[in-house]
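Colleague: Dropping a structure here in structure tokens format, bear with me for questions.
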Amino acid sequence: MRLLLQRVREGKVTIEGQNVASIGKGLVVLVGFGPEDTIDLRGGKLWNTLIEKMVGLRIFPDDEGKMNRGIEEAGGEIILVSQFTLYADSRKGRRPSFHLSAPPGVAEPLFQHFVEDVRSRLPGRVQQGVFAADMDVSLTNWGPVTLLLDSADF
């Protein structure tokens, strides 16, 4: 599993001009699953570690402007967006291969469970894009601050 976190002043997801998610201060998180990820990932140590790391990272400013607060303490929100291209293989040629991404039949339930589990951690503050939809994701990256959490590192 890979999570690309972007600290934002605002973020929005639209599909065919219709707003499906929008937040002010918080995180836009691209969520991707790889070939080793299975439904058994949910609820396990790695799964919970990544959720807690994402929520607990002290990347929001305190009263003195130092990155010293997590999203919860900062009062921020999250948009979760499924993103199979986080597992793109661009080593050969000019067209990326996506053979390292989990197939949709595995990735979609994992993504939905991830959304549920993050929502239970931050009730009322988590929105989502639509799995496999052609989405327009817009954001104002604050900092900019962008971090990659890769399950292979944990």
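Colleague: Tally up the residues in the range 80-116 that are in a loop (DSSP other than H, G, I, E, B), open to solvent by less than 50 Å² (accessible area, probe 1.4 Å) and under 21 Å from L147 (Cβ atoms), please.
Modeller: 2
Colleague: Could you go through the range 54-69 and let me know if any residue there is touching a strand residue (DSSP E or B) at 6+ places or on another chain (Cβ under 7 Å), among the basic types (K, R), open to solvent by 10 Å² or more (accessible area, probe 1.4 Å) and outside any helix (DSSP H, G or I).
Modeller: Looking through the range 54-69, at least one residue is touching a strand residue (DSSP E or B) at 6+ places or on another chain (Cβ under 7 Å), among the basic types (K, R), open to solvent by 10 Å² or more (accessible area, probe 1.4 Å) and outside any helix (DSSP H, G or I).
Colleague: Here is a follow-up. Restrict the check to the range 114-135 and report whether at least one residue is in contact (Cβ under 8 Å) with a residue 40 or more places away in the chain, under 17 Å from G24 (Cα atoms) and among the polar types (S, T, N, Q). First the steps, then the outcome.
Modeller: Narrowing the range 114-135 to residues in contact (Cβ under 8 Å) with a residue 40 or more places away in the chain: 114, 117-118, 121-122, 125-135.
Still in the list and also under 17 Å from G24 (Cα atoms): 122, 125-129.
Filter once more, keeping what is among the polar types (S, T, N, Q): 127-128.
Scanning the range 114-135, I find at least one residue that is in contact (Cβ under 8 Å) with a residue 40 or more places away in the chain, under 17 Å from G24 (Cα atoms) and among the polar types (S, T, N, Q), so the answer is yes.
Colleague: Follow-up question, since we're still on this one. Assigned to a loop (DSSP other than H, G, I, E, B) and either within 27 Å of I23 (Cα to Cα) or at pLDDT 95 or above (or both): is that true of A133 in this structure?
Modeller: Numbers: assigned to a loop (DSSP other than H, G, I, E, B): yes; either within 27 Å of I23 (Cα to Cα) or at pLDDT 95 or above (or both): yes.
Criteria met by A133.
Colleague: Next up: Just to be sure I understand the filter: pairs with C-beta atoms under 7 Å, separated by 6 or more residues or on different chains, first member in the range 1-19 and among the charged types (D, E, K, R), second member open to solvent by 70 Å² or more (accessible area, probe 1.4 Å). Which pairs pass?
Modeller: R2/L148; R9/K25; K12/N19
Colleague: Moving on. Within 19 Å of L148 (Cβ to Cβ), among the acidic types (D, E) and either touching a helix residue (DSSP H, G or I) at 6+ places or on another chain (Cβ under 8 Å) or open to solvent by 20 Å² or more (accessible area, probe 1.4 Å) (or both): does that describe E77?
Modeller: no
Colleague: Can you tell me which residue within the range 122-137, out of those that are open to solvent by 30 Å² or more (accessible area, probe 1.4 Å) and under 14 Å from the mean Cα position of the chain (by Cα), is nearest to K53 (Cα to Cα)? Don't jump to the end; show me each part of the working.
Modeller: We begin by selecting, within the range 122-137, every residue open to solvent by 30 Å² or more (accessible area, probe 1.4 Å); these are 123-125, 127-128, 130-137.
Right, trim to under 14 Å from the mean Cα position of the chain (by Cα) and you get 125, 127-128, 130-131, 137.
Details: R125: 17, Q127: 18, Q128: 19, V130: 24, F131: 23, V137: 23 Å.
Among them, the one singled out is R125.
Colleague: Any chance you could count how many residues in the range 138-154 are open to solvent by 40 Å² or more (accessible area, probe 1.4 Å) and within 15 Å of G56 (Cβ to Cβ)?
Modeller: Here the count works out to 2.
Colleague: Related question: Output the number of residues of the range 1-22 satisfying the condition of being of a type outside the set (S, T, N, Q) and open to solvent by 10 Å² or more (accessible area, probe 1.4 Å).
Modeller: Of the range 1-22, the ones of a type outside the set (S, T, N, Q) are 1-5, 7-13, 15-17, 20-21.
Narrowing further to those that are open to solvent by 10 Å² or more (accessible area, probe 1.4 Å): 2, 4, 7, 9-10, 12, 15-17, 20.
Total satisfying the criteria: 10.
Colleague: Taking the conditions exactly as written (free of Cβ contacts under 8 Å to residues at least 60 places away in the same chain and closer than 20 Å to D37 by Cβ), does S97 satisfy them or not? Steps first, answer last, please.
Modeller: On the way: free of Cβ contacts under 8 Å to residues at least 60 places away in the same chain: yes; closer than 20 Å to D37 by Cβ: yes.
Answer is yes for this residue.
Colleague: For the range 23-45, enumerate the residues that are open to solvent by 50 Å² or more (accessible area, probe 1.4 Å) and either part of a strand (DSSP E or B) or over 17 Å from V106 (Cα atoms) (or both).
Modeller: Result: K25, K45.
The values are calculated or read from the model by the stated rules, or taken from the named source; none is laboratory data. As the structure is a computational prediction, the values presented were derived from the model and not from experiment. When we count neighbours, we look across all protein chains shown, and the Cβ atoms used for this are built from the backbone with ideal geometry, even at glycine. SASA here: full protein model, heavy atoms, side chains in, ligands and nucleic acids out. Shrake-Rupley method; radii C 1.70, N 1.55, O 1.52, S 1.80 Å.
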